[in-house]
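No lab work stands behind these numbers, since they all come straight from the coordinates. Because the structure is a prediction, the values reported are computed rather than measured. Cβ placement follows ideal geometry from the backbone for every residue including glycine, while neighbour counts extend to all protein chains displayed.
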Amino acid sequence: MIGERLVQKVSATRGFAKVAPHVIPALDRAVHRLSRGRVLLSAQMLPGVILTSTGARSGQPRRTPLACMPEGDGWLLVGSNFGRTGHPAWTYNLLRRPAAEISWKGRDIPVTARLLEGTERADAWRRLLEFWPPYAAYQERIDREIRIFRLTRT
């Protein structure tokens, strides 16, 4: 799996963190729309969902393509923001309004999001680092604690 290691190494760089947030979500949304929800481009490397949350301030639906870690009957979402300083907007949306929906493998699934804290967060973080090691590089670059949410079906 040399390709996977190369992608992990590249995705842990500061250059990737500058470019990826502007390119990857736009490509994911376009491919997802054109494939009628069947394909998520970034999911070719990591499992992914399209999260539809409600804007914390606007109250409007917000669609965000995100990598996820399937876990049992739910999913973990990581607010890494590619190792950039601020929390991603979708995390504020879930904190304010935890009821959301994901598009997972072409199906729309209503979910409830819960921010993980304490020991539960630490355990999830260990599993996430095994799943996608670049998260460690993202955390090292920033002072904030990366938010982790568990999504469960409603």
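A few points about this structure:
- Extending 7 Å from the Cα toward the beta-carbon at both residue 140 and residue 114 defines two label points whose distance is 3.3 nm.
- Mean Cα-pair separation over length for segment 55-154, i.e. relative contact order, pairs under 8 Å, 6 or more apart, %: 37 percent
- What the Cβ-Cβ distance of residue 5 and residue 105 gives, at R0 = 25 Å and to the nearest 0.05, is a FRET efficiency of 0.45.
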